[in-house]
Amino acid sequence: VTGVQTCALPIFNRLTVSIFSKINIKKVLIFLIILFGVFYVYDLQKSGNINLQQVLEIVRSHKYLSPLIYLVLYTIGPSFFFPSLLLTIIAGMLWGPVWGVLLAITGATLGCSVPFLLSRYLFYNFVKKTYGIKRWEKLKKLVLEKGWKIVAFTRIVPIFPFPVLNYLYGITPIPFLHYVLSSFVFMLPACIAYVYLGSSLFDLIVKGNIWKFIVSIILISTLIFIPILFKRKNLNK
């Protein structure tokens, strides 16, 4: 038994290190900050210092202006490396799981299109030098071999950070339409999960409904760990 435990321990340690080395630390930190903010707002709501239901009614009373402002922010934000994760969760909190998904995926698609076009037509050489010739050559080779499929793969498995990818794809040969459609389709599952998280956070704060929040955590956990396993199996291939 001792021998088995001795052999199993290094394997467990390597597996733990492997998993944590692949987790997107930035997203985890943003997620923890959001959770801290939620519990703080929940305390304010419970003590009567803030009324989120009234805030929601004010936002929804501007049927066209509020979504327009949101889309403008989501279109511009990723170009300046503003975390799109936060904007996606906000869509769920303000507009619920249906309209939230529609607005968030539209904003995310616009947000990844702007840096693509900027790097392709205005900052081609600057982007190449900033993010490295070798990194660009690697991505260019993959695009030439796989086309839109490499866009799909990198949207599911983040080899590079999303904001960097948006700029790098602009200096590869991939057609803009292929890039946009592939990004739209393969960003959608994560978009749905994070919008649902935002909707569940609002219900948790205002209505005290914890079950919807638990379901959203399960969805997010699945989104985090499936790409890790997929990356480990298929990245070299």
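For the range 134-202, the equivalent ellipsoid derived from the Cα gyration tensor has semi-axes of 26, 12, 9 Å, listed largest first. Normalised by the number of residues in the range 72-156, the mean separation of alpha-carbon contacts (under 8 Å, six or more apart) gives a relative contact order of 26 percent. When peptides 57-64, 118-125 are sorted by average Cβ neighbour count within 10 Å, with the highest value leading, the order is 118-125, 57-64. Between the beta carbons of Leu181 and Leu65, assuming R0 = 22 Å, the FRET efficiency works out to 0.15 to the nearest 0.05.
Peptide packing for 164-177, 205-218, 104-117 was compared via the average number of neighbouring C-beta atoms within 10 Å per residue; ordered from the highest value, the list is 104-117, 164-177, 205-218.
Computed on the range 96-222, with alpha-carbon pairs under 8 angstrom and 6+ residues apart, the relative contact order is 34 percent. Measuring between alpha carbons in the structure, the pairs from Lys63/Lys146; Lys129/Lys149; Lys149/Lys207 lying more than 31 angstrom apart are Lys63/Lys146; Lys149/Lys207.
Rolling a 1.4 angstrom probe over the protein heavy atoms with all chains in place gives the range 78-237 an accessible area of 52 Å² per residue. Taken over the C-alpha atoms, the range 53-104 has Rg and Dmax values of 10.9, 32 angstrom. The length gained on full extension between Thr222 and Ile156, counted as 0.36 nm times the residue separation minus their Cα-Cα distance, comes to 22.5 nm.
The values are calculated or read from the model by the stated rules, or taken from the named source; none is laboratory data. Values in this document were obtained by computation on a predicted structure and should not be read as measured data. Counting neighbours? That spans all protein chains shown, and the Cβs are built from the backbone with ideal geometry, glycine included. Protein only, heavy atoms only, side chains kept; ligands, DNA and RNA dropped before computing areas. Shrake-Rupley method; radii C 1.70, N 1.55, O 1.52, S 1.80 Å.
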